[in-house]
Amino acid sequence: MDRPIGIIDSGVGGLSIWQELVKLLPWEDIIYLADQRNFPYRAKQKKELYRIVSDNVKFLVKQKAKLIVLACNTATVHTLDGLRQNFPVPIVGVVPVVKKAAELSRKKKIIVLATSSTAQSNYLKNLVKKFAGDCQVFIYALDEVIDQIENLQRIVITGKIANLSKKDVDVVALGCTHYGFIKPQLQKLFGKKVRVLEPAGAVTRQVKRVLTNNQTLAGKRTPRYTFYTTGDAIKFNKQLRLLLKKEFLAKKP
Ligand code: DGL
C-alpha cells in the first residue's frame, strides 16, 4: 500500500526509531513529525499532553498515514490507551524494555533510564511489577542529558550519571528515545559486561508485523521521506544533517 508511516516525537529522539524503520522496511514512505514547539513532553500535564499528541495524530491521519509510531516513551505511557480508543489508525508505541531487561539480567539488577515523567508514571511502575518482580530495579531520569541531545550539545557525564555505573547492574534499559543517540557513550560508561538495551529493534519489528497482518506493506519502490517540525525548521535541518548524516529539508505542518 502506498500510504506513508507516520512517526511522532517531541524532538529528535524518534529519529533513532526512524533509522531502524528505514533499515527494516526500505520501501516505505515515512513522515516524521518533530513537535519541537512543545518540547519537552515530560514537562506537560497528562491532559495537555493528550491534547497535543492527539492533534499530531490528526495531522498524520490527514496525511493519510496507514500506521503511526509514537516514538516517545513519555507520550506512550501517558496517552497511548486513549489514542487507541479515539483513532482507528493502528498506533505502535514505545515503552522501556523492562521485560527483556529482566529476562536477560543474571544478577537480577537492572537500571531503567527514562524521562522524569515516565519514571514517575504508573505505567512504568506496573511494567516493573508485572515483568521484573524478581529484580532490583533502579529507575533514573536524566532529563538534562535529553536536553543536551535535543540541542546537539556536548553530552556531559556528570557525577550523577557516572555514579550509575557503580550500581553493579548487568542490564540497562533505555526508556527515552533520545538516549538511542548516546548508546555508545552509555555502553562505555557501564562497561562491556553490561547490556544496554534500546527499543528501536522491537518497535520496528512490531510495525512490520502490524503492516504484514493488515496487508498494508508497501511494494518495492523508491521511498519518500518527509520531515515536519512545529519548531524552527532551520534548526531541525541541522539536527537532521548531524544525526542522520543526510540532507533533508523540513517543513512546517
Ligand atoms: N523522546 C521522548 C521520550 O522517549 C522524551 C523527550 C521529552 O522529554 O520530550 O520519552
Item to check | Which numbered condition VAL95 fails, given (1) over 22 Å from TYR179 (Cα atoms); (2) of a type outside the set (S, T, N, Q); (3) not in a helix (DSSP H, G or I) | outcome: (1)
Checklist entry - If we keep just the residues of the stretch 14-56 that are away from the ligand (no atom under 11 Å from the Cβ) and in a loop (DSSP other than H, G, I, E, B), which is farthest from the chain's Cα centre (by Cα)? => result TRP27
Checklist entry - For the stretch 124-140, what are the residues that are outside any helix (DSSP H, G or I) and under 16 Å from LEU113 (Cα atoms)? => result ALA132, CYS135, GLN136, VAL137, PHE138, ILE139, TYR140
Next on the checklist: Need the failing condition index for ILE91 against (1) without any contact (Cβ under 8 Å) to a residue 60 or more places away in the chain; (2) away from the ligand (no atom under 14 Å from the Cβ); (3) in contact with a strand residue (DSSP E or B) (Cβ under 8 Å, 6 or more places away or on another chain); (4) more than 20 Å from ALA34 (Cα to Cα), just the number.
Outcome noted: (4)
Item to check | Which numbered condition LEU60 misses (of (1) crowded, with 24+ Cβ neighbours inside 10 Å; (2) without any contact (Cβ under 8 Å) to a residue 24 or more places away in the chain) | outcome: (2)
Checklist entry - If you take the residues of the stretch 144-165 that are buried (at least 18 other Cβ atoms within 10 Å of the Cβ) and within 12 Å of the ligand (Cβ to nearest atom), which of them is farthest from ASN38 (Cα to Cα)? => result VAL145
Next on the checklist: Need pairs with beta-carbon distance below 9 Å; first residue at pLDDT below 95 and within the stretch 1-24, second part of a helix (DSSP H, G or I) and surrounded by fewer than 24 Cβ atoms within 10 Å (Cβ to Cβ); sequence gap 6+ or separate chains.
Outcome noted: MET1/LEU211
Next on the checklist: As an exercise: evaluate VAL69 against (1) among the aliphatic types (A, V, I, L, M); (2) assigned to a helix (DSSP H, G or I); (3) crowded, with 19+ Cβ neighbours inside 10 Å and give the number of the one condition it does not meet.
Outcome noted: (2)
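One line per residue, one yes/no per condition, for (1) touching a Gly at 6+ places or on another chain (Cβ under 9 Å); (2) at positive phi; (3) within 15 Å of the ligand (Cβ to nearest atom):
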{"position": "LEU60", "(1), (2), (3)": "yes, no, no"}
{"position": "ALA65", "(1), (2), (3)": "yes, no, no"}
{"position": "CYS72", "(1), (2), (3)": "yes, no, yes"}
{"position": "GLN85", "(1), (2), (3)": "no, no, no"}
Next on the checklist: If I filter the stretch 107-115 for residues that are in a helix (DSSP H, G or I), touching a strand residue (DSSP E or B) at 6+ places or on another chain (Cβ under 7 Å) and among the basic types (Lys, Arg), do I get at least one hit?
Outcome noted: no
Checklist entry - Restricting attention to the stretch 207-249, and to residues there that are surrounded by 11 or more Cβ atoms within 10 Å (Cβ to Cβ), under 14 Å from ARG3 (Cα atoms) and of a type in the set (D, E, K, R), which single residue is modelled with the highest pLDDT? => result ARG224
Next on the checklist: Out of everything in the stretch 1-13 that is within 15 Å of the ligand (Cβ to nearest atom) and of a type outside the set (A, V, I, L, M, F, W, C), what residue ends up being nearest to ASN214 (Cα to Cα)?
Outcome noted: ASP9
Checklist entry - What number of residues within the stretch 166-205 satisfy the criterion of being surrounded by fewer than 21 Cβ atoms within 10 Å (Cβ to Cβ), more than 16 Å from the ligand (Cβ to nearest atom) and under 21 Å from the mean Cα position of the chain (by Cα)? => result 5
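The values are calculated or read from the model by the stated rules, or taken from the named source; none is laboratory data. Because the structure is predicted, anything quoted here is derived from the model rather than measured. Note that each Cβ is placed from the backbone with ideal geometry, even for glycine, and that neighbours are counted across all protein chains shown.
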